[in-house]
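Report on the structure given below.
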Amino acid sequence: MPLSNTLARVDADLAAGRVPQARQRLRGLVSSFPDDLTLRRRLGEVYRLYGDAAQAGRWTYLEEDRRAEETEAFEERYRSPARRMKALAWRGPEERAATALAGQRLASLREARAEELGRPVDWDDPASYDDRGEYVAPDSGGWSLGGVIVTLGCLVGGGIFVAVWIIGVVALFE
């Protein structure tokens, strides 16, 4: 489907209040056209509707008039240059950026990661800036009420299944 048709559907989705569908369409477009800053900006605006400052900051990170609080939220959620590079999902050299400022931000991020690793990294090769080993999952704090309920539900359901199976086998041989 041509870009213009998909954007028309995004507009129709937003006008009808179907924000999740508009967001999904824009995510697909950004994935297909990673160097289109207009699509990134629109996706950031949709995340603003959700009140998700980190995601809005993620998708407007390359904009000149980005919002400081959203950029801070993005940088807080994606603390390392490697995680920011992965989150931005840019492909190709920085020179493909539509603005000089966007190119500078991309280059700065790539250079920061290269400095951390002590070797060159490339936007087209995510393995070159991979952050495996850096990310530490947040502590879940042990058992949660939801986890206990799900576990008990599975045990009860499994017990009922086994009981019905045994009753069926016994009835078969009676």
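The values are calculated or read from the model by the stated rules, or taken from the named source; none is laboratory data. What you are looking at is a predicted structure, and each value in this text was computed from that prediction instead of being measured. Don't worry about glycine lacking a Cβ; one is built from the backbone with ideal geometry, like all the others, and counts go over all protein chains shown. The protein model used for the area step is the full one, side chains on, heavy atoms only, and it has no ligands, DNA or RNA in it. Shrake-Rupley method; radii C 1.70, N 1.55, O 1.52, S 1.80 Å.
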If we scan region 101-116, do we find a residue that is more than 30 Å from R27 (Cβ to Cβ) and at pLDDT 90 or above?
-> yes
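Tell me which residues, restricted to region 71-97, are in a helix (DSSP H, G or I), closer than 21 Å to D35 by Cβ and not hydroxyl-bearing (S, T, Y). Walk me through it before giving the result.
Initially, region 71-97 is screened for residues in a helix (DSSP H, G or I), giving 71-77, 81-88, 94-96.
Then drop every residue that is not closer than 21 Å to D35 by Cβ, which leaves 71, 74, 81-88, 94-96.
Answer for region 71-97, where residues must be in a helix (DSSP H, G or I), closer than 21 Å to D35 by Cβ and not hydroxyl-bearing (S, T, Y): F74, P81, A82, R83, R84, M85, K86, A87, L88, E94, E95, R96.
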Here, helices (runs of 4 or more DSSP H) confined to region 1-67 with at least 3 residues that are exposed (fewer than 15 other Cβ atoms within 10 Å of the Cβ) are 3-15, 19-32, 37-50
Would you pick out the residues in region 81-100 that are in contact (Cβ under 8 Å) with a residue 40 or more places away in the chain and open to solvent by less than 20 Å² (accessible area, probe 1.4 Å)?
-> P81, A82, M85, W90, G92, A97
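Could you say whether any residue in region 110-127 is free of Cβ contacts under 8 Å to residues at least 24 places away in the same chain, touching a Gly at 6+ places or on another chain (Cβ under 7 Å) and either under 16 Å from R40 (Cβ atoms) or open to solvent by 20 Å² or more (accessible area, probe 1.4 Å) (or both)?
Looking through region 110-127, none of the residues is free of Cβ contacts under 8 Å to residues at least 24 places away in the same chain, touching a Gly at 6+ places or on another chain (Cβ under 7 Å) and either under 16 Å from R40 (Cβ atoms) or open to solvent by 20 Å² or more (accessible area, probe 1.4 Å) (or both).
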